[in-house]
Structure formats: structure tokens, C-alpha cells
Amino acid sequence: MLNRIIHTLEKIGFGWLTPVIRLCAGQAPKEQLPLIAKGILVPILSVVLFCLVWAAAAPKVQTNIGTVPGPGEVFSQAGQLWEDHKEHRERRAQHAERQAELQVRFEERFPDREWTPRPFTGSPSYMDQIVVSLKTVFAGFLIASFVAIPIGILCGMSSTVYAGLNPIIQILKPVSPLAWLPIVMILVAALYNPANPMFERAFLSSAIVVALCSLWPTLINTAIGVSSVDKDHLNVAKVLKLGPATRIWKIILPSSLPYIFTGLRLSLGVGWMVLIAAEMLAQNPGLGKFIWDMYQSSSSSTLAYIMVAVITIGIIGFALDRLMLTLQNLVSFEEKPG
Amino acid sequence: MKAIEFQNVSKGFGPEGPNREEVLKDINLSVEEGEFVAIIGYSGSGKSTLINLIAGLQKPDVGSVLFRGQPVRDCDPERGLVFQNYSLLPWLTVYGNVALAVNSVCKELSPKERDERIRHYIEMVNLSPAIDKRPAELSGGMRQRVSVARALATDPKILLLDEPLSALDALTRGVLQNEIAQIWERERKTVLLITNSVDEGLLLADRVIPLTLGPGATLGPEFVVDLPRPRRRADMNHNPEYIRMRTEITAYLSDLRGDAGAQDDDKLIPFPNLQPLDPSERSAHVFSWVR
């Protein structure tokens, strides 16, 4: 039981909690204390130290919009954003209530006409912007995965395909998202003109740029994983005369899954970094736009707001990485006993 | 019609020139239907190449390899191959590994019949209690049993055993030799066994044929084993005929090598220095740098 909990924790990247659990279970307490000190206390101390240095240094730097905020100010601005979010929720609920009332009255007076509700016009709250950013990054990540994994499998299975695609991959891989964005925005504006757009153009442009920049690690890792499938396993496929579909599904894909997931994890990391820049320029209402708007407004709290955004971006990026690490651990098979 | 025939087969690797390595040269062999033939030789003498040729994994440079009178062009499940290093798929269970073979070969069977068949062969190699385990949870002997079950489950016409037991410890080896002998008694399939143990050849085979040392290895004179079956290891140790043949084959093999001291049996049985491949280390590498 205990070992299973610990095993699970380690799989999802919470290995640092292991000594605490062992201590609670009374397993060799003397050995656990140094481990706790190293795994939990030292990281906390270093964060505290970082905040102290920040707090001491920040007021000494003067900018044209006031001094640089310390950790305290940033923290209180974060609280402010949370309050704003709650207020925003309330206003939204009030708006919905009011619309419902209006609808009832409207239908009493004009039973033969159709009611069109008035949309809520308030600007999105910080939480809404986080949600938009997450949606955009996952949309881009999905596009990237759907493109990169099949191409990667092809590249891994055929050295001819790989030789053909390699120059294109190598040249497009190092291109910055800021270089892609204008092209993508122009193309989206030209090609995406439905009467009732399902997606905002800004959202689509940002997601496509995220996809363009983040598909490379998945593509390359998939190709490596597929090309390094154990030769014995391929011989099994040959001897059993497996068809191409069975060969890919039963042998090649499972064998290269650990590689593919490593690639996906790297891709999501790249995608999250690229997203902020893309949102800034494409004006997709996510965290990137939040930072840009704050920068444009240049009030005394601008820097503090932007720092809140920076920390948020960091924490979400870290969480996404952990999520992918967990998935990666779940799919990697163990070949050694124990 | 012969089950297996090699006609003047040569096989080498590398481009023409001084660096080319001739592995097999002028191999002539014919195996009757239902016969159990053991090829014995030192490690590195080209035994696996020989079996890959009949399996269809490699093609001969010169000569022809015939299976029931037809030249071997490609792999086919009717020639069941048991790999030296098991080659089980680590992400599938015992059941899954055998099922992969049955589902891809016995397409004409209903799902229920396939399931029965898979379970039957797992039972035959005494692995029913471990049916839902993955290869990582099995010992070497158990893994090789799965591999045997996988090869038998597709009901091949002939069974090719490529040093199936050489990676196992001596005790497990003995147990599995008995199992292979029993399965052969029951199924009476044509078997070509590659081995590096004189005892293994004598216990299991109707004929033992040595492969000379490479490069350019060829088959030596055959030794017909007329011992009555079932051959029990304990009885064999006192059987004068067995002892005579063992001495003879051992002497032949050590002459090939030009070894002195051909009297000491224990030293002469070449034990291979083989380890099963462990691709799991590869994933450990990949993750160590991203983590």
C-alpha cells in the first residue's frame, strides 16, 4: 500500500513527498529527516531568499512609471486581480439575469417575434484570459501533434522520406514565431471567411503559430523512436507476416511511444513559450494580450500586473510540463524485472 | 519431398573485395518431414545466419534454400521461428504476445476459437498462471516458453529453434529441453535446432550436424542419433552409446579448433557468452536528459 502510494507519487513527479510519507508511516525516521531537509526545506529557503533579494533590490530601481514593485506589491496585485475576477463574475451573472427578465417581458409583448439577447460587453477578467491562453495552446498543440506524429512515423519508417523532408525540417525548425505570425495572420484573413466564424481569427492565428513552432520536437522524436524500434521486434513482425497497419499499431507505435511522449512534452513547452508572443501580436485575448495591454496603459501598477502575469505563465508552464511527464511515465514500459 | 533443403548455399556480408566476410560456404543439407535435426557449432560460426536463411529473414548469395521443394523467398508463419533472445513484445502480456501471432495468422478462426487456441498453447508450455503478466515480470525460462508457445500457436509446418536455450541457466535449460522433447513427441513437427551444446543435440535430435568454424563455415559429417526415446537425461549419462557419440562429436568439434587437451569434456562444451538484449536501457537514456 505504502509502496504503491510512493510509486504513484514518483510517477507523477511528486517524488519529493516520499520522505514525508515514510516519516508519517514511521519508516526509518532518522534517514528521512535529511531527505526532507534537502527535498523540501532547501527549495523553500531558496525561494524565500530570492524574494528577500528582490524586495531589497526592487525599490532602488526608478523607472518613468515609478519604482519596480517588490514581491509584496506583486502579491497584493494578484489579490486585486482575483477580486476583479469575482466582481466580473457577479456582473456577468447580473447581466444574464437581466437578459432573462427582459426576454420574459419581450415574449409577453411580442409573442410572434424572436428574442435576441444582448451579449455581455465587459472586458474579460484575468482568469478568462488564462482560460483563453490554455485553450489556444492546446489547440495549437493538437494541430502540431496531428501533423507531426504521422509525418514522424513516415520519416522513421522510410529513410527516403526522411532524406526528402530533412532539409525542409532543418530550415523551418529554427524560425521564430514572430516571423511566422504576419504570414499566418495574412493567410488566415485571406482564407478563413465563413459567415458564422466558429473561431476568432486571432485565436486561429495564434494557435497555428504555436503549432508551427512546436511540431518539430514531436516530429523529430517520433522519427527517432520509429527508426530505433528493436530489430528483433521487427523480425517478429516479418516472421508473422503482419500487415502494415498491424505492424504500426502493434509493434512500431507502442515501441516508440516513450520517444513520442518525450517529443510531445518538449513541444508543449515550446508551444507555451511561443503562445505569449503570438497572443501579443495577434491580439488574442489571453495572457499575451494582457501583458501588452498593461504595457500600453503604463500606470503605476503596470509592472506589478506584468509580474503577476510572468509568475502565472511560469506556474502554468511548470504544471503543463508535469502533466506531460506523468503521461510520459505512464506510457513508458519497463522491460527490466522489478 | 524434403521439408528443408539447402543446395550449395553460400552467404556473406559486405561489399565484394578483401573486406567481405564469407559466413557460410557450400552448405548442403536436407531434412525429412517430421525429422528433428540439430546443427551444432561454436558461437560466431554462422548458425544464426543458417536459420535466418530458411526463415526467410536473409537471402542466400549463391545456391538455393528450398522449403518443401519451393525456394524460400520471404518470411512465412508456416516456418515458425523461436528467437535466441525471445523477442517478446514488452508492452504485451503473455496472452497478448501469443494472441498477436494467432490473430495475424489464423484469420479464418472465430474469436472464440482463437482464444481457445491461445490458451491451449499457453497451457502447453505451463504458463497459464502467468497469462496476464508482462515479459518484464517473467524469468528467462518463462520468457522462452512464451516464445515457444507463440511459434507453436500458429501451427507452423516446421519449427526453427535458434539457440533457444543458450541464454538460460543450466537447470532451467534441462527443464526446457524435456519440455521441447515432449512437445515434439506429441506434435511430430519437423524441427531444425541450432545449439551450442552437444548434450542438447543428443538428447533432442535424430541427427546432429556440426558446423565448422567460420569464416566460410560449412557442414561437417552428420552423426545419426539412434538412441531410443524418450531420452531421459539421467539414463543417458550411463548409456554407452550416448557417451560414445558425445565423445565423438566433442572430439570432432575440438579438432576443428585445433585444441589440445581434448579429453576434458567440461572444457570442450562451448558455453556461449550471450545475454538477452535489453532495449529498456535505451529508454532510460532518453529520459535521463529530459528529466
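The values are calculated or read from the model by the stated rules, or taken from the named source; none is laboratory data. Bear in mind that the values here come from a model prediction, so they are computed numbers and not experimental data. Here the Cβ is made from the backbone with ideal geometry for all residues, glycine too, and neighbour counts use every protein chain on show. Surface accessibility is based on the protein's heavy atoms, side chains included, excluding ligands, DNA and RNA. Shrake-Rupley method; radii C 1.70, N 1.55, O 1.52, S 1.80 Å.
Things worth noting here:
- Near A:S133, once Lys and Arg are set to +1 and Asp and Glu to -1 for all other residues with Cβ below 15 Å from its Cβ, the sum equals -2.
- Amide proton proximity set for B:L81, modelled H, under 5 Å, gap of 5+: B:L160
- Of interest is the spacing of the C-alpha centroids, which for the stretch A:257-300 and the stretch B:236-255 amounts to 76 Å.
- Kyte-Doolittle at least -1.0, axis length at least 30 Å by Cα - qualifying DSSP helices, chain A: A:126-157, A:201-227, A:253-282, A:302-331
- Approximate spin-label separation B:S10-B:E137, in nm, with each point projected 7 Å along Cα-to-Cβ: 5.2 nm
- Overall form of the stretch A:126-331 per C-alpha gyration tensor (a/c, 1.5; a/b vs b/c): prolate
- C-alpha long axis of helix B:140-153 to longest principal axis of chain B, angle in °: 80 degrees
- Taking every residue in B:104-110 and counting other chain Cβ atoms within 10 Å of its Cβ, the average works out to 2.
- Over the protein assembly as shown: helical MRE at 222 nm, DSSP H runs n ≥ 4 each giving -39500 (n - 2.57), nearest 500: -19000 deg cm²/dmol
- Residue mean of other protein chain beta carbons inside 10 Å, B:72-79: 2
- Cα-based shape type of the stretch B:85-155, given that a ≥ b ≥ c are square roots of the gyration tensor eigenvalues and the cut on a/c is 1.5: prolate
- Acute angle (nearest 10 degrees) that the helix B:240-257 long axis makes with the longest principal axis of chain B, alpha-carbon atoms: 80 degrees
- For the stretch B:61-98 versus the stretch A:36-90, the gap between their alpha-carbon centres in whole angstrom: 65 Å
- FRET E, pair A:V147, B:L227, Förster distance 45 Å, beta-carbon r, rounded to 0.05: 0.10
- For residues of A:238-249, the mean tally of beta carbons on other chains within 10 Å: 5
- Entry for the stretch A:47-98 at q = 0.14, 0.18, 0.29 Å⁻¹: log10 I(q)/I(0) = -0.54, -0.68, -1.02, Debye formula applied to identical alpha-carbon scatterers, no solvent contribution.
- Percentage relative contact order, chain A, counting C-alpha pairs under 8 Å, at least six apart: 21 percent
- Per-q log10 I(q)/I(0), the protein assembly as shown, q = 0.06, 0.07, 0.08, 0.09 Å⁻¹ (Debye; single scatterer per alpha-carbon; no solvent): -0.54, -0.67, -0.80, -0.91
- Shown here is the pair-distance distribution of chain B: with all Cα-Cα distances grouped in 10 Å bins from zero up to the longest one, the shares run 6, 26, 34, 24, 9, 1, 0 percent.
- Here the Gaussian network model covers chain B, with springs between Cα atoms less than 10 Å apart; of B:G141, B:G174, B:G201, B:G174 fluctuates the most.
- Most mobile of A:V42, A:V229, A:V210 in a GNM of chain A (Cα contacts under 10 Å): A:V42
- Hull-based mean projected area of the stretch A:126-214, where the convex hull spans the alpha carbons, in square nanometres: 7.0 nm²
- Residue-level accessible surface for A:F318, protein heavy atoms, 1.4 Å, Å²: 120 Å²
- For the stretch A:166-184, the residues whose amide N sits under 11 Å from a probe point set 7 Å from the Cα of A:A190 along the beta carbon direction are A:183-184.
- A simple spin-label model places the labels of A:V42 and B:E241 7.3 nm from each other, with each point 7 Å out along Cα-to-Cβ.
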